[in-house]
Amino acid sequence: MGPQPEEVRDAVRKKYSEVALSASGKFSYPTGREGALALGYDQALVEAAFPGLLESFCGVGNPFTLGPVLPGSIVLDVGCGAGFDLYTAARLAGPGGRVYGVDLTDAMVSRARENLRHAGIANAEVQQVISESLPFGDDLFDAVISNGVINLSASKEALFGEINRVLKPGGRFAFADVVLTQQLPEGLAGSAEAWSQ
Ligand SMILES: C[S@@+](CC[C@H](N)C(=O)[O-])C[C@H]1O[C@@H](n2cnc3c(N)ncnc32)[C@H](O)[C@@H]1O
């Protein structure tokens, strides 16, 4: 049997409170500015970003390659971390759009708010939230994005259900994530720490 959802969330909060200081050396894949460039984020956007936005960036893919965020869009980033994808979405949605970020980890939420303020992004807001229970009404968002987060959820059906509920009919969910390609050894599958990596 796997760990309880609250155990997984505690392990995630512990790990990502540290990543909120810096992602450097904490993952087996490139993170930060180097990671963003390797994942094909727009170079000009990366160069122009406030450094704090990239310091804790630990995305595993680039959700913006899956379809455009159009000017005027209302966008939700599930597990926004320190805010680099929120910044990217806010720049694409423009002043007529609005972006919302949610994250489980207090330290990430504080970092994202601070980063977005320093970056001069006025059309974004961030909330500390468990994404399996989103504090938004039905049919609100043109797009939901997420990067490296769903694998960390111990209640994936609830999470997908919530994303489906808050998306407008015809809205798009664009996410990047990691998947298992083989069965984990038993000890690892039952470990909350392993879930949080
Ligand atoms: C790998 S990091 C990715 C952060 C950000 N998307 C990025 O690309 O830099 C995963 C993030 O998801 C958050 N997270 C994990 N499980 C969550 C959940 N159930 N609800 C909300 N946030 C969650 C973590 O706190 C962490 O900030």
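Of all residues in the stretch 12-36, how many are part of a helix (DSSP H, G or I) and over 17 Å from the mean Cα position of the chain (by Cα)?
Step one: filter the stretch 12-36 for residues part of a helix (DSSP H, G or I), giving 12-19, 32-36.
Remaining after also requiring over 17 Å from the mean Cα position of the chain (by Cα): 34.
Selection size over the stretch 12-36: 1.
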For this session: Might you let me know whether the stretch 78-99 holds any residue that is more than 23 Å from TYR29 (Cα to Cα), free of Cβ contacts under 8 Å to residues at least 40 places away in the same chain and within 14 Å of the ligand (Cβ to nearest atom)?
Result: yes
Exercise. Can you name the condition, by its number, that ILE74 falls short on among (1) out of contact with any Leu (no Cβ under 7 Å at 6 or more places or on another chain); (2) farther than 20 Å from HIS118 by Cβ?
Worked result: (1)
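Here is a yes/no grid of residues against (1) among the hydroxyl-bearing types (Ser, Thr, Tyr); (2) in contact with a strand residue (DSSP E or B) (Cβ under 9 Å, 6 or more places away or on another chain); (3) more than 26 Å from ALA189 (Cα to Cα):
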position: TYR29; (1), (2), (3): yes, no, no
position: GLY40; (1), (2), (3): no, no, yes
position: PHE64; (1), (2), (3): no, yes, yes
position: GLY67; (1), (2), (3): no, yes, yes
position: VAL78; (1), (2), (3): no, yes, no
position: LEU86; (1), (2), (3): no, yes, yes
For this session: Might you let me know whether the stretch 41-49 holds any residue that is part of a loop (DSSP other than H, G, I, E, B) and either under 22 Å from ALA192 (Cα atoms) or near the ligand (Cβ under 10 Å from one of its atoms) (or both)?
Result: no
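Throughout, read-outs are computed from the coordinates displayed, never taken from laboratory work. Because the structure is predicted, anything quoted here is derived from the model rather than measured. Neighbour counts are summed over all protein chains in view; Cβ atoms, including those assigned to glycine, are modelled from backbone coordinates with ideal geometry.
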